[in-house]
Each structure stands twice: as structure tokens, then as C-alpha cells.
Amino acid sequence: MKKEKEGWKELPIGLVLEGGSSKRFETGDWRSEKPIWDEKKCTNCFICWIYCPDSAIIVKDGKVQGIDYRYCKGCGICAEECPPKVQAIKMVREEK
Amino acid sequence: MASLKQLATQKEKFMGGHRACAGCAATIAARMVLMAAEQPVVVGAATGCLEVVSTIYPYSAWNVPYVHNAFENVAATMSGVEAAYRALKKKGMIKKDLRFIAFGGDGGTYDIGLQSLSGMIERRHRVLYVCYNNEAYMNTGIQRSSATPRGAHTTTSPAGTEIPGKIQLRKNLTEIVIAHEPAYAAQTTIGYWNDLVTKVRKALEADGPSFINIYSPCRLGWAYVPEKTIKVSKLAVETCIWPLYEYENGKYRITVKPKEKKPITEFLNLQGRFGHLFKWHDDVPIKEYQAEVDMIWERLLKRSAE
């Protein structure tokens, strides 16, 4: 007699990964240009924060704190979208 | 109306460290959609750029429950997840109020996953389907899809001496979805974050299937410099190439009306994929694309005035 097959309730759970674990993979070394943020000029409008594809604008207690260079790929969207009257972010050549 | 300060108070739901190109709009779209959701969400993504760059083993950029699946069936998978949730909720095994979001690119939505999307809406699953539309199969190296517009150069509609890029017009998927009478359907784009956030919230409130088509410029496939992603997305709206509107209870509403309708050439000449059109021996491809844009916009104006 063959052993009866396991029902779906007995099957082991498939591969489950930890959520948000990509934070351990740092993409900052892709950068050829680097955004420099000027705290004095910043008006905390958060436009750079909402448009950042790499979640690399650090925001705490309603204020921009800086740029997370571990993930920033240097696309330049933040510098481009910072309102023309503010211009708190400048792109410079990455030197390593 | 959502405020950015308020949105920024929550924890990050789409983490950095994913492998998308610098300046990728699809990841901006995913991040904005998750930020907009006020309820806990379960997400699935069809094969495509977004799925590939965000879930390279053993990492995941999704800081929310996420289901991995194939190219054609994200709508079917999320239908199943939603049905299981309803059954468990009925039995009292789940108390939380959850929402379900399916992500697919234009390849996984316009072409390969169209029948599963159609089925999901017809069975009235309460799932929000988000199509991030970058107008070609970017993940495999820029092949034409049915979302690719007239005149665009891709590797399978190459511009040369015989043809000026893709010779056919693009498909209007939002209208195909609207023909299913979903609870909510809309078109939006990443450049208008407030429009996007408002529409996602409306869609998650709607009691039934909902669909949002998000125009997502691709810096690699469209060939422009990465920092212009937001500008290109806004120009698509200003030229009416991508009208922002919504459909609810049988009524159309245009949510962003451009002050003056710009000619499409202002949008086309920013991008390398249309570069050949300006050197082509006649202006037929541009005229045909402009005529399509005008026709859809005029029809939309009429429908929203009803």
C-alpha cells in the first residue's frame, strides 16, 4: 500500500523572505554624481522626498535631515525638482 | 487633500537598495502608491521591471506582505488572496481591515495579463490593480508592447530607412477597463503626486475592483537624462498625451486640465526614442500621433461634460 499523499494543510510553507531586506544591499556605489543638500536653503517642502526613487531623502520630525548616500544612485531628480527659488540641492561629481 | 508632511510621518514601505535604474519612475510609482494607502495592504506584482528590481533573491524592497507570481496572473493571484481574506474574515480568523494591490507593467497588463485582469474585474474582487505604464517591455531590453505609441523606436519596432519606429497606434487600456464598469478607474502619472495619492485613496475606498493606469517614464527605454523623469511625466499631461481623469459611477471627470494644450512635439523632442521622427522624410508619424491624441482628448472633454 502506498502511503497516502499529504493534503494541502500538511505542505510546508514556501520560501518567505524578510520584508524590506533590500536595505542591506547598498546601491550608493552606482553614483557618478552626488547631490549636496544645503540645510540653510532648504524650506522643507518635501518635494525631493516624494520624488526620490530610492527612498534616500532622510526625513525626521517634519524636517529634511539629509541624503542617505548608502542608497542614492545620483539620478539628480531631487536637484532638478527642488523649487527654482530654493535650489537647496546641487549635483557635484562623485570622487572616490 | 494629502500633505507631504503628513505622508512623511509613516514608516517607509518601499525600501531603498532595490536595483532599478537611477531615476526610475516605476519605483517612484510603487513607493507613492504604498505611501498613499491608509490601510494595511497586501501586494502582488507581475513579472516586469518593478518585480525584478525589487525582489532579487534574497532581498526584497517591499516592506509590506508581498506575493511573488508570474507574468500573466497577478490579477488572478490577488483575486485568490482577496477571496481567501473574505472567507477567513467571515469565519472570524482575521479581524483586521485589509486592502489588496496588484502591480503590473504595461507588458503584464496591456498584453500578457489582460485576460486575468478582465476576470478579476468581472468577478468583482475588491483589488486595486495598478499598471505602471512605461510603454514597452523595458525589463527584457525595450521591445514594443501594445502600449507603445506610434513612432517610438524599440528593438522590435526599430527606426531605420523602412519604418519610422512603431507603425501602429497604442491601445487604450483604461477605456477597456472602464467597459467592465469597475468601481473606480483612473489615469494618473508620477509627476502629479497629489493627483496620484488622491486617486489611490479613492480606489482603496471604492467597494469593488479598481484600476489605476500610472504613466511612468523610463529613462533607459525612452532615452532621456535621468533627472528629467518628473519633467517628462508632466509634459505628457500638458500635451494631453496622457490625460489625467477618473471614472466613477458612470461619470468621467478630468482631474488636471492643462492651461494650454501644448503640441506633442514638445514631449517627443525630449526623448531619444522619437529622435528619428524629426529627421524622417515626412511628418506623417507625428501627425498621426497628434491626431490620435487630439481625438482622445476631444472625446474625453465631451464625456466629462455630460
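The values are calculated or read from the model by the stated rules, or taken from the named source; none is laboratory data. Every value quoted in this text rests on a predicted model; they were computed, and no experiment measured them. Methodologically, a virtual Cβ is constructed for each residue, glycine included, from the backbone with ideal geometry; neighbour enumeration extends over all protein chains shown. Accessible surface is based on the protein model in full, side chains and every heavy atom, while ligands, DNA and RNA are left aside. Shrake-Rupley method; radii C 1.70, N 1.55, O 1.52, S 1.80 Å.
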Please tell me if A:GLU26 is more than 9 Å from chain B (Cβ to nearest Cβ) and either among the acidic types (Asp, Glu) or in contact with a Phe, Trp or Tyr (Cβ under 7 Å, 6 or more places away or on another chain) (or both). no
Among strands (runs of 3 or more DSSP E) entirely inside the stretch A:44-96, those with 1 or more residues being farther than 23 Å from B:VAL197 by Cβ and more than 11 Å from chain B (Cβ to nearest Cβ) are A:63-67, A:89-93
If you check every pair at least six apart or on different chains, which have Cβ atoms under 6 Å apart with a residue in the stretch B:205-229 that is away from chain A (no Cβ under 14 Å) and hydrophobic (A, V, I, L, M, F, W, C) first and a residue that is assigned to a strand (DSSP E or B) and crowded, with 17+ Cβ neighbours inside 10 Å second? B:ALA206/B:TYR184; B:PHE211/B:TYR129; B:PHE211/B:ALA185; B:ILE212/B:VAL130; B:ILE212/B:ALA186
Can you name the residue in the stretch B:42-52 that is buried (at least 20 other Cβ atoms within 10 Å of the Cβ) and of a type in the set (A, V, I, L, M, F, W, C) and is also farthest from B:ARG126 (Cα to Cα) among such residues? B:CYS49
Is it the case that some residue within the stretch B:128-145 is charged (D, E, K, R), open to solvent by 20 Å² or more (accessible area, probe 1.4 Å), in a loop (DSSP other than H, G, I, E, B) and closer than 23 Å to B:VAL293 by Cβ? yes
Apart from one, (1) within 17 Å of the chain's Cα centre (by Cα); (2) among the small types (Gly, Ala, Ser); (3) open to solvent by less than 70 Å² (accessible area, probe 1.4 Å) all hold for A:GLY7; the odd one out is (1)
So, of the residues in the stretch B:153-184 that are touching an Asp or Glu at 6+ places or on another chain (Cβ under 7 Å) and modelled with pLDDT of 95 or more, which turns out to be surrounded by the fewest Cβ atoms within 10 Å (Cβ to Cβ)? B:HIS180
Out of all the residues in the stretch B:228-244, is one or more open to solvent by less than 50 Å² (accessible area, probe 1.4 Å) and on the phi > 0 side of the Ramachandran plot? yes
I'd like the full set of residues that are under 17 Å from the mean Cα position of the chain (by Cα) and open to solvent by less than 20 Å² (accessible area, probe 1.4 Å), limited to the stretch B:55-75. B:VAL74, B:ALA75
